[in-house]
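Visitor: Right, I'll just put the structure down here and ask away after.
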């Protein structure tokens, strides 16, 4: 495992301390996953109803965004993966950009020397990567994908949060 950490450190992606449990990144992710509500709770048809007014709507949305927050994040992540899989050009450009940046960073500031003695500077590599990926990125319509994600995710998440009543346990907790 230490070899993996050292290789990641060499690539400049992260330090071994940032991958450890001590700084809490992985622990925060695990606690977020542990807050996932089950499908029976998340999709309980008996708790779905129309809000009685604006105050009820605000109360439901506020409570459900906290209560189902991990479920909503999982849903938005799945929606993002779906958006990338349906926009293959955008996925391709992002993969090429990441691989290119990792490859340039692997040089650790040194120039690239090709077999015939041709030397390419790191700055030239970044420029070439930008010249290739930026036009493809613009053609891949990332803004329409982003706006689709915002719209589809927002309508679904806020719609679910608005129609789901609070569990009975929370109603009794508020009156006590």
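The values are calculated or read from the model by the stated rules, or taken from the named source; none is laboratory data. For clarity, every value in this text was computed on a predicted model and none was experimentally measured. Positions of Cβ are backbone-derived with ideal geometry, glycine not excepted, and every protein chain shown enters the neighbour counts.
Visitor: How many residues, within the range 120-133, are in contact with a strand residue (DSSP E or B) (Cβ under 9 Å, 6 or more places away or on another chain) and part of a helix (DSSP H, G or I)?
Guide: Of the residues in that region, 4 qualify.
Visitor: Considering each residue of the range 77-91, count those that are in contact with a helix residue (DSSP H, G or I) (Cβ under 8 Å, 6 or more places away or on another chain) and assigned to a helix (DSSP H, G or I), and give that number.
Guide: The qualifying residues number 8.
Visitor: From the residues in the range 85-100 that are in contact (Cβ under 8 Å) with a residue 12 or more places away in the chain and within 23 Å of residue 154 (Cα to Cα), which one is surrounded by the fewest Cβ atoms within 10 Å (Cβ to Cβ)?
Guide: Checking each candidate, the answer is 87.
Visitor: Name the residue, out of 74, 36, 65, that is at pLDDT 90 or above, in contact with a helix residue (DSSP H, G or I) (Cβ under 6 Å, 6 or more places away or on another chain) and surrounded by 11 or more Cβ atoms within 10 Å (Cβ to Cβ). First the steps, then the outcome.
Guide: Working: 74 fails: in contact with a helix residue (DSSP H, G or I) (Cβ under 6 Å, 6 or more places away or on another chain); 36 fails: at pLDDT 90 or above.
Just a single option satisfies the conditions, and that option is 65.
Visitor: Here's a follow-up. When you go through 103, 117 one by one, which is the residue that is without any contact (Cβ under 8 Å) to a residue 60 or more places away in the chain, over 30 Å from residue 148 (Cα atoms) and assigned to a loop (DSSP other than H, G, I, E, B)?
Guide: Answer to the selection: 117.
Visitor: Just checking, which of 16, 25 is touching a helix residue (DSSP H, G or I) at 6+ places or on another chain (Cβ under 6 Å), modelled with pLDDT under 95 and not assigned by TED's automatic domain parsing to the domain that holds residue 120?
Guide: 16
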